[in-house]
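Take a look at the structure below.
Every number here is computed from the coordinates shown, using simple stated rules; none is lab data. All of these numbers come straight from a predicted model, not from anything done at the bench. For neighbour counting, all protein chains shown are included, and Cβ atoms are generated from backbone atoms with ideal geometry for every residue, glycine included.
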Amino acid sequence: MDSRWIREVVSTEDAPAAVGPYSQAVAVGPLVFVSMQLGLVPGTKDMAGDDITAQTVQAMENIASILEASSSSLDLIVKATVFLKDMGHFKDFNASYGGFFPESPPARAAVQVGALPLNALVGIDVIALRD
């Protein structure tokens, strides 16, 4: 197999540890696939807050930490998938999320789901390029 396509598990203590049988992220070639991140404070099982804004900001900070550990960054995200517990939070979510992408935001899908792990209000996963 071409060495450019070796599967590399990415892990950092600066983001919450996996709460199941999955990796924080997996990098392959020029891409990194970040598992869904919740608004969990790293090193705890506690949400950053009870509102969509606090949880969105923390989820994005967790994603940023994982991307940094994989030689990537928020500005290299090409696709994000957002899972909202309540689509009624969409406006407030967008206000928080948009602050991380002042220019050229990535492609994105956003859907409402029946429930999220640990009763979170939002979960976000991304695919990004690596430097």
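Before moving on, here are some points about what is shown:
- Kirkwood hydrodynamic radius of region 3-129, Cα pairs, Å: 14.5 Å
- Per-residue Cβ neighbour counts within 10 Å put Met87, Met47 in the sequence Met87, Met47, beginning with the fewest.
- When the helices of the chain are scored as -39500 (n - 2.57) per DSSP H run of n ≥ 4 and the total is divided over every residue, the value at 222 nm lands at -6500 deg cm²/dmol.
- Gaussian network model of the chain, Cα within-10 Å springs - most flexible of Thr56, Thr12, Thr44: Thr44
- Charge context of Arg130, other residues only, Cβ under 15 angstrom, K/R +1, D/E -1: -1
- Rounded to the nearest Hz, the phi-derived 3J(HN,Hα) couplings of region 27-38 under the Karplus curve 6.51 cos²θ - 1.76 cosθ + 1.60 (θ = phi - 60°) are 10, 9, x, x, 10, 10, 10, 9, 5, 3, 10, 9, where x marks glycine and proline.
- Exposed-site-free run, longest, the chain (rule: GluC sites (Glu not before Pro); DSSP loop; at most 13 other C-beta within 10 Å): 14-102
- Within straight-line reach of Lys45, meaning a Cα separation under 20 Å, sit the following aspartates and glutamates at least 8 residues removed in sequence or on another chain: Glu13, Asp14, Glu61, Asp125.
- Net charge of Cβ neighbours under 11 Å - reference Asp75; Lys, Arg +1; Asp, Glu -1: -2
- Region 110-119 - phi-based ³J(HN,Hα) in whole Hz, Karplus 6.51/-1.76/1.60, Gly and Pro as x: 9, 9, 8, 10, x, 6, 10, x, 6, 6
- Subtracting the Cα-Cα distance of Phe101 and Asp86 from 0.36 nm times their residue separation leaves 3.2 nm of extension gain.
- The chain: angle of helix 52-69 to the longest principal axis, Cα-based, in degrees nearest 10: 10 degrees
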